[in-house]
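Asks: Dumping the structure here so I can ask a few things about it.
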Amino acid sequence: GGGGAPEFPGLPDLHSTDDKPKLAASLAAPASAGPTLPSTELQSRSALHRAVCSGSTKEVSQIIAKIGGKAETAAAAELSNRKDTAGFVPLHSAAALFLPEVDSFGFHEASEISRSLLSIGADVTALDADGNTSMHWAARAGNDELTQILLMNRCPLDAQNKKGETALHWALRAGAQGLSTARLLLQNGAKISMLSREFKRPLDVAARGFDDENSNRGPNEVDAINERRQARANFLSNSPQSRTLVLHHADCLDHVPKSSIDWEAPGRVQAIMDRILSQEAQSPASTLLPYEITISSDFDRAPLDLLSRVHSAEYLQFVNDLSKELDSRRKKQVIEASEERNSGAAAADQDEGKGAEDSNHHVVPFTPMVQRSVLREPRVKNESHSDTSFSAGSLKAARRAAGAVQHAVDRVLVGRNRNAFCVVRPPGHHAGVNGLLAGGGSFGFFFFNS
């Protein structure tokens, strides 16, 4: 536990000079009525329980010595697991020692007391009146030493309290105070997507505090925002699967539009990726930080069996044949251009005009071709009015774009990423079984429905 220098570049230091989280202390300040914490002394507690609440390892050891101090001693085990009227056992109180003002010395005392309690049979699975385990309280306090002890003694890692929250929820709620315990829980495999009864994941409650705390967030709301960012940064840095997966691929740039002024052009995805990459480099204006995303081009093109679930065999055959024909044209043009350069027959001004002509030669209006060849409609769209074009690289781009969506869905469903963003083209959400929707007069730039 404890503070120190900020761990995440670009975020402020949330710790004061005495090594205690500033906002965590103000958030955890008890309301005027005084919350009932496990370390709050109650008259119903046994002498052992009161000694635990005092934080005195010496007093706890003396009492244990008097009752035998062995796990197999029934009296010792009963005393270590006896609940007070608030539903707390001594181990709960040890885990919550010195809340809300905690420090590294207090953590060590709490850990030593907990070891003593465990040695005489304290039950790590014991629940308080709200269904919290000792690990909930240790996570809230930010006591990573005790959290590790509880883990080694098989305290349930993902136990949910009556509100459905786990120890990881509580570590995140504690903000800066819970950074070290959140990190430890994540490293030990705590489930990141456990939903509370309010359908909140641990990340959703970062630095939100607790119901038994004062709702006054202190004089500086900026500190609250910064602490929330620090808690998120800690979580995402230690949980790669919680980051947003950003998928893109160079194949998507090979789909050529019919003109340089089309809005659905390679520059769209290129501009988005340039912005994302500049944000990842942490420019002064960055709002997106490196630990928030995972960028990848490692995914396959959509296979035929996947596309066949959505589109007819006739349409897929037409697209494939068209792609082969345009690719053949393109290759022929490349060979011819190479031969002309070698012969020196083409003048520089002729080459410039020829290049523009060749570029358009393997980009064709797609909508009327589908209406004529697949749908066999008597009337087809004027080629000059067709918004959707098809080039030699369009099939490859469309398959890669659809493959990105499949890959993103698979990754999110199996929990390898929390969410995903596909920076791909061409788009696909209007494409029908035969490409063009029934009664539709335009493809809207789409080829495969993804």
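The values are calculated or read from the model by the stated rules, or taken from the named source; none is laboratory data. Quick caveat: nothing in here was measured; it's all calculated off a predicted structure. So basically every Cβ, Gly included, is an ideal-geometry build from the backbone, and we count neighbours across all protein chains shown. Just the protein is used for accessible areas: all its heavy atoms, side chains included, with ligands, DNA and RNA removed. Shrake-Rupley method; radii C 1.70, N 1.55, O 1.52, S 1.80 Å.
Asks: In the range 176-248, what is the volume of the convex hull around the alpha carbon atoms, normalised per residue and reported in Å³?
Replies: Numbers: hull volume 8.8 nm³, N = 73.
Residue-normalised Cα hull volume stands at 120 Å³.
Asks: How about the range 232-340: which trypsin sites (Lys or Arg not before Pro) there are in a DSSP loop, with at most 15 other Cβ atoms within 10 Å of their Cβ? Please list the in-between numbers first.
Replies: On the way: sites: ARG232, ARG243, LYS258, ARG268, ARG275, ARG301, ARG309, LYS324, ARG329, ARG330, LYS331, LYS332; in loops: ARG243, LYS258, ARG301, ARG309.
Those that pass, being in a loop and sparsely packed, are ARG309.
Asks: Can I ask one more? Taking all pairs of different Cα atoms in the range 37-195, averaging 1/r and flipping that mean, what Kirkwood radius in angstroms comes out? Before the final figure, lay out each step's value.
Replies: On the way: mean 1/r = 0.0657 Å⁻¹.
It works out to 15.2 Å.
Asks: Using a cut-off of 12 Å between beta-carbons, work out the net charge of the residues near ALA398 (Lys and Arg +1, Asp and Glu -1, ALA398 not included).
Replies: Details: positive: ARG301, LYS396, ARG399, ARG400, ARG425; negative: ASP251, ASP254.
In short, +3.
Asks: Got a sec? What order do TRP137, TRP263 fall in by accessible area at 1.4 Å, biggest, i.e. largest, first?
Replies: Numbers: TRP137 10, TRP263 150 Å².
Final ranking, largest accessible area leading: TRP263, TRP137.
Asks: Could I ask something else about it? Once you have the Cα-Cα distance between GLU198 and SER56, take 0.36 nm times their residue separation minus that, and quote the gain in nm to one decimal.
Replies: Working: separation 142, 0.36 × 142 = 51.12 nm, distance 3.86 nm.
Answer, rounded to one decimal: 47.3 nm.
Asks: Given a cut-off of 23 Å, name the pairs among LYS332/LYS396; LYS258/LYS331; LYS332/LYS381; LYS83/LYS162 whose C-alpha atoms lie farther apart than that in the structure shown.
Replies: Values: LYS332/LYS396 19 Å; LYS258/LYS331 19 Å; LYS332/LYS381 29 Å; LYS83/LYS162 18 Å.
Among LYS332/LYS396; LYS258/LYS331; LYS332/LYS381; LYS83/LYS162, the Cα-Cα distance tops 23 Å for LYS332/LYS381.
Asks: Would you mind calculating the gained length between ARG208 and SER328 on full extension (0.36 nm times residue separation, minus the Cα-Cα distance), in nm to one decimal? Please report the intermediate quantities before stating the final value.
Replies: Details: separation 120, 0.36 × 120 = 43.20 nm, distance 6.10 nm.
Between ARG208 and SER328, full extension yields 37.1 nm more.
Asks: When Lys and Arg each count +1 and Asp and Glu each count -1, what net charge do the other residues less than 13 Å away from ARG115, Cβ to Cβ, add up to?
Replies: Values: positive: none; negative: GLU109, GLU112, GLU145.
Within the 13 Å Cβ shell, the charges total -3.
Asks: Starting from 0 in steps of 5 Å, tell me what percent of the Cα-Cα pairs of the range 139-285 lands in each bin.
Replies: The percentages, shortest bin first, are 2, 9, 15, 16, 14, 11, 8, 8, 7, 5, 4, 2, 1, 0.
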